[in-house]
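Heads up, the thing below is written out as structure tokens.
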Amino acid sequence: MRDQVLWRKEGRIAALLADCLGIDTERALDIFYNSHTYALLTNPDSGLQLQSDKYILNNLLHELEAL
């Protein structure tokens, strides 16, 4: 059950990223899955799974700005 919840959260974040950057969802998923933010999200010890989708999106956007 927990995997399904996380999977849906990942999809929502990718959709938010696509809207924010004006790109297609497939490209947004690629960016997200190759990010440090995603690595943190998949690690239950990081606590990021408990944060809102927008909070995680903002983390990801800050990460992308730093590149």
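Relative contact order of the chain: what whole-number percent is it, with Cα pairs under 8 angstrom and at least 6 residues apart?
Working: 38 pairs, mean separation 20.5, N = 67.
Across the chain, relative contact order equals 31 percent.
Starting from the Cα of S52, step 7 Å along the direction of its Cβ; do the same at V5; then give the gap between the two resulting points in nm.
That separation, rounded to one decimal, is 1.8 nm.
On a 0 to 90° scale, report how tilted helix 53-66 is relative to the longest principal axis of the chain, with both axes built from alpha carbons and the result rounded to the nearest 10.
Around 50 degrees separate the two axes.
Quick one, can you get me the convex hull of the C-alpha atoms of the chain expressed as volume per residue in Å³?
Hull volume normalised by residue count: 77 Å³.
Excluding P44 itself, calculate the net charge of residues whose Cβ lies under 15 Å from the Cβ of P44, where each Lys or Arg counts +1 and each Asp or Glu counts -1.
Overall, the nearby charge balance is -1.
Would you mind working out the accessible area per residue for the chain, using a 1.4 Å probe, and quoting it in Å²?
Working: 4600 Å² over 67 residues.
I get 69 Å² per residue for this part.
Rounded to the nearest 10 degrees, what's the angle between the helix 2-21 long axis and the longest principal axis of the chain, both from Cα atoms, 0 to 90?
So the inclination is approximately 20 degrees.
Could you tell me what percent of the accessible area of the range 10-66 is made up of carbon and sulfur, with a 1.4 Å probe and every protein chain present?
Exposed carbon and sulfur together represent 50 percent of the surface.
The values are calculated or read from the model by the stated rules, or taken from the named source; none is laboratory data. Every value quoted in this text rests on a predicted model; they were computed, and no experiment measured them. So basically every Cβ, Gly included, is an ideal-geometry build from the backbone, and we count neighbours across all protein chains shown. With ligands, DNA and RNA removed, areas are computed over all heavy atoms of the protein, side chains included. Shrake-Rupley method; radii C 1.70, N 1.55, O 1.52, S 1.80 Å.
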